[in-house]
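Taken together, the values in this text are just the output of simple stated rules run on the coordinates, not laboratory data. Bear in mind the structure is a predicted one, so any value in this text is a computation, not a measurement.
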Amino acid sequence: MEAWPALKLSKGSVLLTSGNSALFPKAAYAAVGTINAAIVALAKAFADKGLKDGVQVNSVMPGPVMTGRRESYIKHWAPLP
């Protein structure tokens, strides 16, 4: 919220990135899903405030991105014969 006055003055925008586990949580990754859902909720709350103050706030869920973490998940759960 420290940046909000500058965002309001400049009619700026904020973009938050979340993961699709916000919408499709898995029990084994409950913490990740919770964090992603919190990011989406935070974006919605700030977007509501932004309507009044002229600040655009959005969140995106880009879907799977091939990272080292994803590669290790694939190697663990879908090994090649």
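Structural remarks
- Degrees, to the nearest 10: 30-53 long Cα axis against longest axis of the chain: 20
- Considering helices alone, the calculated mean residue ellipticity of the chain at 222 nm is -16000 deg cm²/dmol, with DSSP H runs of length four and up weighted by -39500 (n - 2.57) and normalised per residue.
- For the chain, lysine pairs with C-alpha atoms less than 17 angstrom apart, excluding pairs fewer than eight positions apart on the same chain, total 6.
- Amide H within-cut-off set for Val14, under 5 Å, with H built and near neighbours excluded: Gln56, Val57, Asn58
- Mean sequence separation of contacting Cα pairs (under 8 Å, at least six apart), scaled by the length of the chain, corresponds to a relative contact order of 34 percent.
- Listed values (1) 6.1; (2) 6.6; (3) 4.4, entry calculated as mean projected area of the Cα convex hull in nm²: (2)
- Angle between the chain longest axis and helix 68-77 axis [Cα atoms, degrees, rounded to 10]: 40
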